[in-house]
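A.B. asks: Encoded as C-alpha coordinates, here's the structure I'll be asking about.
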Amino acid sequence: MARVFSFMLEDLKSSFSRDLAAASSVRELLDLQSRYFGAKGAVKELFKQLKSLSAEEKKELGAAINPFSEAAQAELKEKLERVSAREDAEREARETIDVTLPSRPPRLGHLHPITIVRRELEQIFREMGYTIDPGPEVESDWYNFEALNFTPDHPARDTQDTFFVDVDKLLLRTHTSNVQIRSMERFQPPVKVLSAGRVFRRDEITMRRSPMFHQCEGLLVDKGIHIGHLRATLEHMVRRLFGSDAKMRMRPSYFPFTEPSAEVDMSCIFCKGKGCGTCSQTGWMEILGCGMVHPQVLRNVGIDPEQWSGFAFGLGIDRVAMLKFDIPNIRTLFENDLRVLQQF
Ligand code: DAH
(Lines give C-alpha, C1' and ligand atoms only; values in the text may rest on other atoms or scores of the structure.)
Protein backbone atom coordinates (compact mmCIF):
# COMPACT_ATOMS: atom_id res chain seq x y z
CA MET A 1 0.00 0.00 0.00
CA ALA A 2 2.66 2.43 1.03
CA ARG A 3 4.49 1.76 -2.23
CA VAL A 4 1.49 2.84 -4.23
CA PHE A 5 1.55 6.16 -2.36
CA SER A 6 5.19 6.72 -2.89
CA PHE A 7 4.65 6.19 -6.62
CA MET A 8 1.85 8.67 -6.50
CA LEU A 9 4.14 11.18 -4.81
CA GLU A 10 6.83 10.61 -7.42
CA ASP A 11 4.23 11.19 -10.16
CA LEU A 12 3.11 14.37 -8.48
CA LYS A 13 6.69 15.63 -8.25
CA SER A 14 7.43 15.04 -11.89
CA SER A 15 4.12 16.45 -13.16
CA PHE A 16 4.66 19.54 -11.00
CA SER A 17 8.14 20.08 -12.47
CA ARG A 18 6.74 19.74 -15.98
CA ASP A 19 3.82 22.07 -15.35
CA LEU A 20 6.01 24.65 -13.62
CA ALA A 21 8.43 24.68 -16.52
CA ALA A 22 5.56 25.08 -18.99
CA ALA A 23 3.74 27.89 -17.14
CA SER A 24 4.90 31.20 -18.55
CA SER A 25 2.40 33.80 -17.35
CA VAL A 26 1.18 34.99 -13.96
CA ARG A 27 -2.22 33.61 -14.79
CA GLU A 28 -0.90 30.15 -15.61
CA LEU A 29 1.25 30.13 -12.47
CA LEU A 30 -1.64 31.13 -10.21
CA ASP A 31 -3.75 28.47 -11.82
CA LEU A 32 -1.01 25.93 -11.20
CA GLN A 33 -0.71 27.06 -7.59
CA SER A 34 -4.34 26.33 -6.92
CA ARG A 35 -4.28 23.01 -8.79
CA TYR A 36 -1.41 21.69 -6.65
CA PHE A 37 -1.60 23.59 -3.35
CA GLY A 38 -5.13 24.97 -3.15
CA ALA A 39 -7.86 23.77 -0.78
CA LYS A 40 -8.83 21.09 -3.30
CA GLY A 41 -5.37 20.77 -4.80
CA ALA A 42 -3.40 17.57 -5.55
CA VAL A 43 -1.30 17.76 -2.37
CA LYS A 44 -4.38 18.01 -0.13
CA GLU A 45 -5.91 15.06 -2.03
CA LEU A 46 -2.85 12.95 -1.44
CA PHE A 47 -2.91 13.71 2.28
CA LYS A 48 -6.59 12.72 2.37
CA GLN A 49 -5.85 9.32 0.90
CA LEU A 50 -3.22 8.61 3.56
CA LYS A 51 -6.11 7.99 5.94
CA SER A 52 -6.31 4.34 4.93
CA LEU A 53 -2.69 3.68 5.96
CA SER A 54 -1.31 2.60 9.32
CA ALA A 55 0.00 5.25 11.70
CA GLU A 56 3.56 4.24 10.96
CA GLU A 57 3.13 4.50 7.21
CA LYS A 58 1.26 7.77 7.52
CA LYS A 59 4.11 9.33 9.39
CA GLU A 60 6.67 8.16 6.90
CA LEU A 61 4.81 9.30 3.81
CA GLY A 62 3.65 12.53 5.41
CA ALA A 63 7.32 13.30 6.10
CA ALA A 64 8.05 12.79 2.40
CA ILE A 65 5.17 14.96 1.12
CA ASN A 66 5.91 17.99 3.28
CA PRO A 67 9.45 18.76 2.10
CA PHE A 68 8.31 18.36 -1.50
CA SER A 69 5.38 20.68 -0.90
CA GLU A 70 7.55 23.34 0.75
CA ALA A 71 10.28 23.21 -1.87
CA ALA A 72 7.78 23.21 -4.72
CA GLN A 73 5.91 26.21 -3.32
CA ALA A 74 9.15 28.13 -2.84
CA GLU A 75 10.09 27.39 -6.44
CA LEU A 76 6.65 28.48 -7.62
CA LYS A 77 6.82 31.67 -5.61
CA GLU A 78 10.18 32.54 -7.05
CA LYS A 79 8.97 32.02 -10.62
CA LEU A 80 5.77 33.95 -9.93
CA GLU A 81 7.78 36.96 -8.77
CA ARG A 82 10.02 36.81 -11.78
CA VAL A 83 7.20 36.48 -14.31
CA SER A 84 5.08 39.12 -12.64
CA ALA A 85 7.99 41.61 -12.70
CA ARG A 86 8.48 40.84 -16.39
CA GLU A 87 4.80 41.32 -17.15
CA ASP A 88 4.76 44.64 -15.28
CA ALA A 89 7.72 45.86 -17.27
CA GLU A 90 6.12 44.79 -20.53
CA ARG A 91 2.85 46.55 -19.65
CA GLU A 92 4.68 49.71 -18.71
CA ALA A 93 6.55 49.70 -22.00
CA ARG A 94 3.30 49.23 -23.87
CA GLU A 95 1.46 51.98 -22.01
CA THR A 96 4.11 54.65 -22.30
CA ILE A 97 2.59 58.07 -23.03
CA ASP A 98 4.07 59.94 -25.92
CA VAL A 99 3.97 63.48 -24.59
CA THR A 100 4.97 64.90 -27.96
CA LEU A 101 1.75 63.78 -29.65
CA PRO A 102 -0.63 66.65 -30.46
CA SER A 103 -3.57 66.77 -28.03
CA ARG A 104 -7.13 66.10 -29.11
CA PRO A 105 -8.93 69.38 -29.79
CA PRO A 106 -11.56 70.16 -27.12
CA ARG A 107 -15.15 69.68 -28.28
CA LEU A 108 -16.67 73.12 -28.11
CA GLY A 109 -20.37 73.70 -27.64
CA HIS A 110 -22.44 75.95 -29.88
CA LEU A 111 -24.60 78.94 -29.10
CA HIS A 112 -28.28 78.39 -29.77
CA PRO A 113 -29.57 80.54 -32.67
CA ILE A 114 -31.90 82.33 -30.25
CA THR A 115 -28.98 83.15 -27.97
CA ILE A 116 -27.02 84.44 -30.95
CA VAL A 117 -29.83 86.81 -31.93
CA ARG A 118 -30.51 87.87 -28.33
CA ARG A 119 -26.86 88.75 -27.76
CA GLU A 120 -26.67 90.56 -31.06
CA LEU A 121 -29.71 92.67 -30.13
CA GLU A 122 -28.30 93.41 -26.70
CA GLN A 123 -25.04 94.50 -28.27
CA ILE A 124 -26.75 96.78 -30.85
CA PHE A 125 -28.70 98.56 -28.11
CA ARG A 126 -25.88 98.58 -25.58
CA GLU A 127 -23.92 100.57 -28.14
CA MET A 128 -26.78 103.11 -28.20
CA GLY A 129 -26.61 103.47 -24.42
CA TYR A 130 -29.52 101.21 -23.43
CA THR A 131 -29.55 99.38 -20.09
CA ILE A 132 -30.06 95.60 -20.43
CA ASP A 133 -32.59 94.07 -18.03
CA PRO A 134 -34.35 90.75 -18.72
CA GLY A 135 -37.09 91.25 -16.11
CA PRO A 136 -39.17 88.53 -14.41
CA GLU A 137 -40.99 85.73 -16.27
CA VAL A 138 -43.58 85.25 -13.53
CA GLU A 139 -45.46 88.50 -13.24
CA SER A 140 -48.48 90.16 -11.68
CA ASP A 141 -51.50 91.30 -13.63
CA TRP A 142 -50.52 94.90 -12.96
CA TYR A 143 -47.17 94.78 -14.74
CA ASN A 144 -48.23 92.46 -17.55
CA PHE A 145 -51.60 94.07 -18.27
CA GLU A 146 -53.15 96.76 -16.15
CA ALA A 147 -50.36 99.33 -16.01
CA LEU A 148 -50.01 98.84 -19.78
CA ASN A 149 -53.55 100.11 -20.17
CA PHE A 150 -55.25 96.73 -20.50
CA THR A 151 -58.18 97.42 -18.18
CA PRO A 152 -59.62 94.25 -16.54
CA ASP A 153 -62.19 93.65 -19.28
CA HIS A 154 -60.18 95.08 -22.15
CA PRO A 155 -60.81 93.02 -25.32
CA ALA A 156 -57.10 93.10 -26.20
CA ARG A 157 -56.50 90.69 -23.32
CA ASP A 158 -58.07 88.04 -25.53
CA THR A 159 -55.19 88.36 -27.99
CA GLN A 160 -52.79 87.20 -25.29
CA ASP A 161 -54.25 83.96 -23.95
CA THR A 162 -52.56 83.68 -20.60
CA PHE A 163 -51.10 80.92 -18.44
CA PHE A 164 -52.01 81.67 -14.83
CA VAL A 165 -49.90 80.59 -11.88
CA ASP A 166 -51.84 79.19 -8.96
CA VAL A 167 -50.32 81.62 -6.47
CA ASP A 168 -51.25 85.22 -5.61
CA LYS A 169 -52.96 85.84 -8.98
CA LEU A 170 -49.61 85.59 -10.74
CA LEU A 171 -49.20 84.72 -14.40
CA LEU A 172 -46.48 83.87 -16.92
CA ARG A 173 -45.77 87.07 -18.76
CA THR A 174 -47.36 87.11 -22.19
CA HIS A 175 -44.85 89.66 -23.48
CA THR A 176 -41.72 91.48 -22.36
CA SER A 177 -43.67 94.75 -22.10
CA ASN A 178 -43.85 94.20 -18.32
CA VAL A 179 -40.26 95.47 -18.23
CA GLN A 180 -41.40 98.87 -19.58
CA ILE A 181 -43.41 99.47 -16.43
CA ARG A 182 -40.77 98.09 -14.09
CA SER A 183 -38.05 100.23 -15.68
CA MET A 184 -40.08 103.45 -15.61
CA GLU A 185 -40.91 102.83 -11.95
CA ARG A 186 -37.30 102.22 -11.07
CA PHE A 187 -35.59 104.99 -13.02
CA GLN A 188 -36.44 108.63 -13.50
CA PRO A 189 -36.58 109.61 -17.18
CA PRO A 190 -34.66 109.68 -19.40
CA VAL A 191 -35.03 105.88 -19.56
CA LYS A 192 -33.42 103.63 -22.18
CA VAL A 193 -33.85 99.97 -21.55
CA LEU A 194 -33.75 96.74 -23.55
CA SER A 195 -35.17 93.50 -22.24
CA ALA A 196 -34.88 90.10 -23.91
CA GLY A 197 -36.35 86.88 -22.59
CA ARG A 198 -38.99 84.18 -22.65
CA VAL A 199 -42.72 84.83 -22.89
CA PHE A 200 -45.67 82.43 -22.74
CA ARG A 201 -49.07 82.16 -24.39
CA ARG A 202 -51.66 79.42 -24.61
CA ASP A 203 -51.19 79.04 -28.35
CA GLU A 204 -51.35 76.02 -30.58
CA ILE A 205 -48.01 75.03 -32.07
CA THR A 206 -47.78 75.93 -35.75
CA MET A 207 -44.97 76.73 -38.18
CA ARG A 208 -44.65 80.20 -36.63
CA ARG A 209 -46.16 79.90 -33.16
CA SER A 210 -45.18 78.14 -29.98
CA PRO A 211 -46.60 78.47 -26.43
CA MET A 212 -43.16 79.58 -25.26
CA PHE A 213 -41.22 82.01 -27.37
CA HIS A 214 -38.81 84.91 -27.03
CA GLN A 215 -39.25 88.64 -27.21
CA CYS A 216 -37.01 91.63 -27.02
CA GLU A 217 -38.53 94.83 -25.68
CA GLY A 218 -37.09 98.29 -26.15
CA LEU A 219 -38.20 101.46 -24.37
CA LEU A 220 -36.97 104.99 -24.63
CA VAL A 221 -38.49 107.90 -22.68
CA ASP A 222 -37.00 111.38 -22.94
CA LYS A 223 -37.93 114.95 -23.83
CA GLY A 224 -39.19 115.57 -27.38
CA ILE A 225 -39.22 111.95 -28.55
CA HIS A 226 -41.36 111.43 -31.68
CA ILE A 227 -42.10 108.65 -34.13
CA GLY A 228 -39.11 109.60 -36.31
CA HIS A 229 -36.82 108.47 -33.49
CA LEU A 230 -38.67 105.17 -33.36
CA ARG A 231 -38.40 104.57 -37.08
CA ALA A 232 -34.71 105.50 -37.21
CA THR A 233 -33.94 103.20 -34.27
CA LEU A 234 -35.78 100.27 -35.85
CA GLU A 235 -34.14 100.80 -39.24
CA HIS A 236 -30.75 100.86 -37.61
CA MET A 237 -31.57 97.63 -35.77
CA VAL A 238 -32.89 95.87 -38.89
CA ARG A 239 -29.83 96.84 -40.93
CA ARG A 240 -27.51 95.62 -38.24
CA LEU A 241 -29.40 92.33 -38.00
CA PHE A 242 -29.99 91.61 -41.69
CA GLY A 243 -27.60 93.80 -43.65
CA SER A 244 -27.99 97.21 -45.28
CA ASP A 245 -30.34 96.09 -48.06
CA ALA A 246 -32.87 94.47 -45.70
CA LYS A 247 -36.46 95.44 -46.53
CA MET A 248 -38.91 96.37 -43.76
CA ARG A 249 -42.33 98.00 -43.72
CA MET A 250 -44.41 99.66 -41.01
CA ARG A 251 -48.18 99.09 -40.84
CA PRO A 252 -50.61 100.94 -38.57
CA SER A 253 -51.83 98.70 -35.78
CA TYR A 254 -53.29 98.77 -32.32
CA PHE A 255 -51.88 98.12 -28.87
CA PRO A 256 -53.47 99.50 -25.69
CA PHE A 257 -50.14 100.81 -24.39
CA THR A 258 -49.04 102.79 -27.47
CA GLU A 259 -50.63 105.56 -29.49
CA PRO A 260 -50.11 105.54 -32.40
CA SER A 261 -49.14 101.90 -32.84
CA ALA A 262 -47.56 100.02 -35.71
CA GLU A 263 -46.35 96.61 -36.75
CA VAL A 264 -43.11 96.00 -38.63
CA ASP A 265 -42.71 93.27 -41.24
CA MET A 266 -39.60 91.95 -42.96
CA SER A 267 -39.89 90.56 -46.45
CA CYS A 268 -40.07 86.77 -46.23
CA ILE A 269 -36.73 85.25 -47.12
CA PHE A 270 -38.18 81.80 -47.73
CA CYS A 271 -40.28 82.76 -50.75
CA LYS A 272 -38.55 86.10 -51.52
CA GLY A 273 -41.88 87.84 -51.02
CA LYS A 274 -43.96 85.55 -53.26
CA GLY A 275 -45.98 83.98 -50.44
CA CYS A 276 -45.44 80.64 -48.73
CA GLY A 277 -46.52 78.55 -45.72
CA THR A 278 -44.07 80.23 -43.40
CA CYS A 279 -45.37 83.75 -44.12
CA SER A 280 -49.02 82.68 -44.48
CA GLN A 281 -48.87 83.50 -48.20
CA THR A 282 -48.34 87.23 -47.54
CA GLY A 283 -44.72 87.56 -48.61
CA TRP A 284 -44.01 89.37 -45.34
CA MET A 285 -43.17 88.19 -41.87
CA GLU A 286 -44.19 90.27 -38.90
CA ILE A 287 -41.28 90.68 -36.53
CA LEU A 288 -42.34 93.38 -34.09
CA GLY A 289 -44.98 95.67 -32.66
CA CYS A 290 -44.18 99.23 -31.69
CA GLY A 291 -45.54 102.69 -31.04
CA MET A 292 -45.37 105.86 -28.98
CA VAL A 293 -45.87 105.17 -25.28
CA HIS A 294 -49.51 105.94 -24.40
CA PRO A 295 -49.87 109.01 -22.10
CA GLN A 296 -51.96 106.91 -19.71
CA VAL A 297 -49.10 104.42 -19.34
CA LEU A 298 -46.76 107.28 -18.43
CA ARG A 299 -49.31 108.55 -15.91
CA ASN A 300 -49.63 105.04 -14.43
CA VAL A 301 -45.99 105.18 -13.37
CA GLY A 302 -46.04 108.83 -12.29
CA ILE A 303 -44.36 110.36 -15.34
CA ASP A 304 -45.86 113.60 -16.66
CA PRO A 305 -46.81 113.09 -20.36
CA GLU A 306 -46.75 116.85 -20.87
CA GLN A 307 -43.02 116.80 -20.21
CA TRP A 308 -41.90 113.43 -21.41
CA SER A 309 -42.64 111.19 -24.35
CA GLY A 310 -41.29 107.87 -25.51
CA PHE A 311 -41.40 104.98 -27.91
CA ALA A 312 -41.47 101.25 -27.33
CA PHE A 313 -41.22 98.13 -29.41
CA GLY A 314 -41.48 94.39 -28.85
CA LEU A 315 -39.71 92.08 -31.26
CA GLY A 316 -40.09 88.32 -31.76
CA ILE A 317 -36.59 86.91 -31.37
CA ASP A 318 -37.63 83.50 -32.74
CA ARG A 319 -38.98 85.10 -35.92
CA VAL A 320 -35.76 87.01 -36.40
CA ALA A 321 -33.70 83.85 -35.84
CA MET A 322 -35.85 82.01 -38.40
CA LEU A 323 -35.36 84.74 -40.98
CA LYS A 324 -31.70 85.18 -40.28
CA PHE A 325 -30.76 81.51 -40.31
CA ASP A 326 -33.23 80.27 -42.89
CA ILE A 327 -35.25 78.12 -40.48
CA PRO A 328 -38.79 77.72 -41.85
CA ASN A 329 -40.35 76.03 -38.80
CA ILE A 330 -40.24 77.50 -35.27
CA ARG A 331 -40.29 73.99 -33.76
CA THR A 332 -36.80 73.41 -35.11
CA LEU A 333 -35.61 75.99 -32.57
CA PHE A 334 -36.91 74.05 -29.59
CA GLU A 335 -36.19 70.44 -30.51
CA ASN A 336 -32.52 70.66 -29.56
CA ASP A 337 -31.49 68.37 -32.38
CA LEU A 338 -27.70 68.44 -32.32
CA ARG A 339 -27.53 68.07 -36.09
CA VAL A 340 -29.24 71.47 -36.27
CA LEU A 341 -27.51 73.18 -33.37
CA GLN A 342 -24.03 72.19 -34.49
CA GLN A 343 -24.44 74.37 -37.55
CA PHE A 344 -24.28 77.55 -35.48
N1 DAH B 1 -46.22 93.38 -26.42
C2 DAH B 1 -46.66 93.28 -27.78
C3 DAH B 1 -46.97 91.83 -28.12
O4 DAH B 1 -46.46 90.97 -27.49
C5 DAH B 1 -45.62 93.78 -28.73
C6 DAH B 1 -45.40 95.23 -28.57
C7 DAH B 1 -46.15 96.12 -29.30
C8 DAH B 1 -44.46 95.74 -27.69
C9 DAH B 1 -45.98 97.47 -29.20
C10 DAH B 1 -44.28 97.10 -27.59
C11 DAH B 1 -45.05 97.97 -28.34
O12 DAH B 1 -43.38 97.64 -26.76
O13 DAH B 1 -44.85 99.29 -28.23
O14 DAH B 1 -47.72 91.59 -29.02
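A.B. asks: So LYS272 ticks every box in (1) open to solvent by 60 Å² or more (accessible area, probe 1.4 Å); (2) touching a His at 6+ places or on another chain (Cβ under 6 Å) but one. Which box is left unticked?
C.D. replies: It fails just one condition, (2).
A.B. asks: Further, regarding this structure: It is to be established whether one or more residues within the range 204-211 are exposed (fewer than 14 other Cβ atoms within 10 Å of the Cβ), hydroxyl-bearing (Ser, Thr, Tyr) and closer than 29 Å to PHE334 by Cα.
C.D. replies: The answer is yes; a qualifying residue exists.
A.B. asks: Among all residue pairs at least 6 apart or on different chains, which show Cβ distances below 6 Å where the first residue, located in the range 25-54, is touching a residue at least 12 places away in the same chain (Cβ under 8 Å) and the second is basic (Lys, Arg)?
C.D. replies: LEU50/LYS58
A.B. asks: Something else now. Among the residues of the range 95-124, write down those that are among the charged types (D, E, K, R) and in a loop (DSSP other than H, G, I, E, B).
C.D. replies: Filtering the range 95-124 for residues among the charged types (D, E, K, R) gives 95, 98, 104, 107, 118-120, 122.
Residues satisfying the conditions are GLU95, ASP98, ARG104, ARG107.
A.B. asks: What residue, among those in the range 277-317 that are touching a residue at least 24 places away in the same chain (Cβ under 8 Å), over 21 Å from PHE255 (Cα atoms) and not small (Gly, Ala, Ser), is least open to solvent (accessible area, probe 1.4 Å)?
C.D. replies: THR278
A.B. asks: Does THR258 satisfy the criteria of being β-branched (Val, Ile, Thr), within 16 Å of the ligand (Cβ to nearest atom), touching a strand residue (DSSP E or B) at 6+ places or on another chain (Cβ under 8 Å) and in the same structural domain as VAL179 (by TED's automatic domain parsing)?
C.D. replies: On the way: β-branched (Val, Ile, Thr): yes; within 16 Å of the ligand (Cβ to nearest atom): yes; touching a strand residue (DSSP E or B) at 6+ places or on another chain (Cβ under 8 Å): yes; in the same structural domain as VAL179 (by TED's automatic domain parsing): yes.
So THR258 passes the test.
A.B. asks: Would you mind finding the one in MET248, MET237, MET266 that is open to solvent by less than 50 Å² (accessible area, probe 1.4 Å), within 14 Å of the ligand (Cβ to nearest atom), closer than 14 Å to ARG319 by Cβ and not basic (Lys, Arg)?
C.D. replies: MET237
Every residue, every condition in (1) away from the ligand (no atom under 15 Å from the Cβ); (2) more than 24 Å from ARG198 (Cβ to Cβ); (3) outside the structural domain of CYS279 (by TED's automatic domain parsing), yes or no:
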position: ARG299; (1), (2), (3): yes, yes, no
position: ILE303; (1), (2), (3): yes, yes, no
position: PHE311; (1), (2), (3): no, no, no
position: GLY314; (1), (2), (3): no, no, no
position: ILE317; (1), (2), (3): no, no, no
position: PHE325; (1), (2), (3): yes, no, no
position: PRO328; (1), (2), (3): yes, no, no
position: THR332; (1), (2), (3): yes, no, no
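A.B. asks: Further, regarding this structure: Can you pull out the residues in the range 269-286 that are within 16 Å of the ligand (Cβ to nearest atom) and assigned to a loop (DSSP other than H, G, I, E, B)? Working first, answer last.
C.D. replies: As a first pass, look at the range 269-286 and keep what is within 16 Å of the ligand (Cβ to nearest atom): 285-286.
Those that are within 16 Å of the ligand (Cβ to nearest atom) and assigned to a loop (DSSP other than H, G, I, E, B): none in the range 269-286.
A.B. asks: Quick one: would you say ARG198 is assigned to a strand (DSSP E or B) and within 13 Å of the ligand (Cβ to nearest atom)?
C.D. replies: On the way: assigned to a strand (DSSP E or B): yes; within 13 Å of the ligand (Cβ to nearest atom): yes.
Criteria met by ARG198.
A quick yes/no check of all residues on (1) among the aromatic types (Phe, Trp, Tyr); (2) open to solvent by less than 80 Å² (accessible area, probe 1.4 Å); (3) within 12 Å of the ligand (Cβ to nearest atom); (4) within 26 Å of GLU204 (Cβ to Cβ):
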site	(1), (2), (3), (4)
MET128	no, yes, no, no
ALA147	no, yes, no, no
PHE163	yes, yes, no, yes
LEU170	no, yes, no, yes
SER183	no, yes, yes, no
PRO189	no, yes, no, no
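A.B. asks: If I filter the range 208-226 for residues that are without any contact (Cβ under 8 Å) to a residue 60 or more places away in the chain, on the phi < 0 side of the Ramachandran plot, over 35 Å from the mean Cα position of the chain (by Cα) and not in a loop (DSSP other than H, G, I, E, B), do I get at least one hit? Spell out how you get there, then give the answer.
C.D. replies: Of the range 208-226, the ones without any contact (Cβ under 8 Å) to a residue 60 or more places away in the chain are 211.
Still in the running and on the phi < 0 side of the Ramachandran plot: 211.
Filter once more, so that each one left must be over 35 Å from the mean Cα position of the chain (by Cα): none.
Taking every residue of the range 208-226 in turn, none turns out to be without any contact (Cβ under 8 Å) to a residue 60 or more places away in the chain, on the phi < 0 side of the Ramachandran plot, over 35 Å from the mean Cα position of the chain (by Cα) and not in a loop (DSSP other than H, G, I, E, B).
A.B. asks: Do we have ASP141 as among the charged types (D, E, K, R), more than 23 Å from ASN300 (Cβ to Cβ) and within 16 Å of the ligand (Cβ to nearest atom) here? Quick ask: steps written out before the conclusion?
C.D. replies: Details: among the charged types (D, E, K, R): yes; more than 23 Å from ASN300 (Cβ to Cβ): no; within 16 Å of the ligand (Cβ to nearest atom): yes.
Spelling it out, it is not the case that ASP141 is among the charged types (D, E, K, R), more than 23 Å from ASN300 (Cβ to Cβ) and within 16 Å of the ligand (Cβ to nearest atom).
A.B. asks: How many residues, within the range 14-32, are open to solvent by 70 Å² or more (accessible area, probe 1.4 Å) and in contact with a helix residue (DSSP H, G or I) (Cβ under 7 Å, 6 or more places away or on another chain)?
C.D. replies: Residues flagged as open to solvent by 70 Å² or more (accessible area, probe 1.4 Å) and in contact with a helix residue (DSSP H, G or I) (Cβ under 7 Å, 6 or more places away or on another chain) within the range 14-32 amount to 0.
A.B. asks: Looking only at the range 244-286, count every residue that is closer than 13 Å to LEU234 by Cα and small (Gly, Ala, Ser) and tell me the total. Walk me through how you get there before you give the answer.
C.D. replies: Of all residues in the range 244-286, those closer than 13 Å to LEU234 by Cα come to 244, 246-250, 262-266.
Next, from what is left, pick out any that are small (Gly, Ala, Ser): 244, 246, 262.
Number satisfying all stated conditions: 3.
The values are calculated or read from the model by the stated rules, or taken from the named source; none is laboratory data. Because the structure is a prediction, the values reported are computed rather than measured. Quick reminder, even Gly has a Cβ in these numbers, built from the backbone with ideal geometry, and neighbours come from all protein chains shown. Just the protein is used for accessible areas: all its heavy atoms, side chains included, with ligands, DNA and RNA removed. Shrake-Rupley method; radii C 1.70, N 1.55, O 1.52, S 1.80 Å.
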